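The structure appears below as structure tokens.
The values are calculated or read from the model by the stated rules, or taken from the named source; none is laboratory data. Small disclaimer: the values here were computed from a predicted structure and weren't measured. Note that each Cβ is placed from the backbone with ideal geometry, even for glycine, and that neighbours are counted across all protein chains shown.
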Amino acid sequence: MRTRTRSSRRVVVLAAVAALGAGILSGCAQDSDEPSGSAPGGGDGGKGKTTITVGVFGAFGLQEAGLYDEYMKLNKDVVIKQTSIERNENYYPQLLTHLGSGSGLADIQAIEVNNIAEITATQGDKLVDLGKTAGVQKDSFLPWKWSQATTTAGKTIALGTDIGPQGICYRKDLFAAAGLPTDREAVGKLWAGDWQKFLETGKQFKAKAPKGKAFVDSASGVMAAITGSNANRFYDKDGKVIYKTNPAVREAWDTAAEFASDGLTAKLQQFTPGWDQGFANGTFATVSCPAWMLGYIQDKGGEAGKGKWDVAAAPKPSNWGGSFLTVPEASKNKEAAAKLVAWLTAPEQQATLFAKRGSFPSSQAAYSLPAVSDAKHPYFDNAPIGQIFSTAAKGVPVQIVGPKDLIIAQNLADIGMLQVDQKGTSSKDGWNAAVKAIDNALDQ
């Protein structure tokens, strides 16, 4: 079954909202697969200037937000050249090959969050310790984001750009029709602190909901959100795969399966045409949504959905997505590249990236800046998204990220829970199917 990683979702999301115009969480052009400048390798950019090359995947946003141009204006002796490969599935294997050979690398290389654990564990000696770069302040970043790119020896090999703190996006008109409150504060209180309360709210919704309207989009989406709100998920601190026996994972599975068995889902698979149509038709009342998804909902919901959608706090804070920047030891311009990474990930630049691209900052120091703290989204009834997602981001637990997290998560969702949701497979049989697929994928 074809699945989408978070990075390929990011391309879909950012391409979709490109037509929405400039402004917060909208308006973004997709990066080209072709190099925007010279090939990786660094060197003299001409007339005594230093060329810093940057390798990214998808529509990363730094270039489109004007950050490269701003940096070059501040540093007349620097030229920045970016190369983009659209899909992380193609980008990441190439990056591993280049790190292994020590050649073909850009001065700065982006890393997707699903790959950061493997990079930190296996490639740390091939990357610069950015924690020692002048101007970098550990306390400016969220603790859990900083820890994801820090080796067991304490070397920080990457600095975070964006993250994906989640809220619950909901349809006010469908809530009203089902006799539920519509005010975002009141809605958040319905399920505050407990995913079981979210389930109970779903049952209340179903009892009075209009015909053909489901409470959530998918059981897999619920499972992912619950799993993401726990510190321990698929691996333990020693790197052992523990998802089979981890109570937190089983709780997420069992709760999501109950959503399916109780008929609370629209039985959709996320990021498919049917799911897109569900936004347009108002098929479901809620979806777990990270900050970067708001523009996608706006695009698929269309003008008819404006003002009907709102955002409330999730039962527990969780995160979906995010990226990092690294500097390879093989870079010909390590010092200049590290200086640029420090600047790009500083609070002010992260706030700019959010304002222009909708990429939520991993720098908690950015949350007090007006571009974040005052941010509202007009499509979602002027929801104070800066405040909602800042609060969520601060509450995300420091998680143990394993090298094969993505494989485990995808198989639990698309091999296991999808069968439970769409085919009525028993929770036990769905779980066993997912475990078998994961064991095969991990050679266990």
Go over the candidates Gly43, Gly58 one by one and state the one that is modelled with pLDDT under 95 and surrounded by fewer than 22 Cβ atoms within 10 Å (Cβ to Cβ).
Gly43
Odd one out for Pro210, checked against (1) surrounded by fewer than 16 Cβ atoms within 10 Å (Cβ to Cβ); (2) over 26 Å from Leu174 (Cα atoms); (3) not small (Gly, Ala, Ser)
(2)
Do we find that Leu418 is assigned by TED's automatic domain parsing to the domain that holds Arg233 and among the hydrophobic types (A, V, I, L, M, F, W, C) in this structure?
yes
Count of residues meeting criterion [farther than 11 Å from Ala256 by Cα and crowded, with 19+ Cβ neighbours inside 10 Å] in segment 420-432
3
Is it the case that Arg171 is crowded, with 19+ Cβ neighbours inside 10 Å and at pLDDT below 95?
no
When you check Trp343 against the structure, is it aromatic (Phe, Trp, Tyr), closer than 30 Å to Gln123 by Cβ and within 17 Å of the chain's Cα centre (by Cα), yes or no?
no
Answer yes or no as to whether Ala392 is surrounded by 21 or more Cβ atoms within 10 Å (Cβ to Cβ), more than 21 Å from the chain's Cα centre (by Cα) and not assigned by TED's automatic domain parsing to the domain that holds Ala231.
no
Restricting to segment 366-377, give me the number of residues that are part of a loop (DSSP other than H, G, I, E, B) and either touching a residue at least 24 places away in the same chain (Cβ under 8 Å) or under 29 Å from Gly302 (Cβ atoms) (or both).
3
Just to verify a result, which residue in segment 120-133, among those that are aliphatic (A, V, I, L, M) and modelled with pLDDT of 95 or more, is nearest to Lys404 (Cα to Cα)?
Leu127
Can you pull out every residue in segment 99-115 that is assigned to a helix (DSSP H, G or I) and in contact (Cβ under 8 Å) with a residue 24 or more places away in the chain?
Leu99, Val113, Asn114, Asn115
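To keep it simple, each residue is scored yes or no on (1) of a type in the set (Phe, Trp, Tyr); (2) farther than 21 Å from Leu418 by Cβ; (3) not assigned by TED's automatic domain parsing to the domain that holds Thr122.
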residue	(1), (2), (3)
Gly221	no, no, yes
Lys244	no, no, yes
Thr255	no, no, yes
Phe284	yes, no, yes
Tyr296	yes, no, yes
Asp299	no, yes, yes
Ala304	no, yes, yes
Ala314	no, yes, yes
Leu325	no, yes, no
Of all residues being under 19 Å from Ala409 (Cα atoms) and among the hydroxyl-bearing types (Ser, Thr, Tyr) in segment 232-275, which is surrounded by the fewest Cβ atoms within 10 Å (Cβ to Cβ)? Just the residue, please.
Thr245
Listed by range, helices (runs of 4 or more DSSP H) wholly within segment 378-435 having at least 1 residues that are more than 25 Å from Asn232 (Cα to Cα) and either touching a Leu at 6+ places or on another chain (Cβ under 9 Å) or touching a residue at least 12 places away in the same chain (Cβ under 8 Å) (or both) are 385-395, 418-423
From the list Leu14, Leu20, Leu74, exactly one residue is buried (at least 23 other Cβ atoms within 10 Å of the Cβ) and either over 24 Å from Gly124 (Cα atoms) or at pLDDT below 95 (or both). Which is it?
Leu14
Which count do you get for residues in segment 229-281 that are modelled with pLDDT of 95 or more and of a type in the set (Ser, Thr, Tyr)?
5
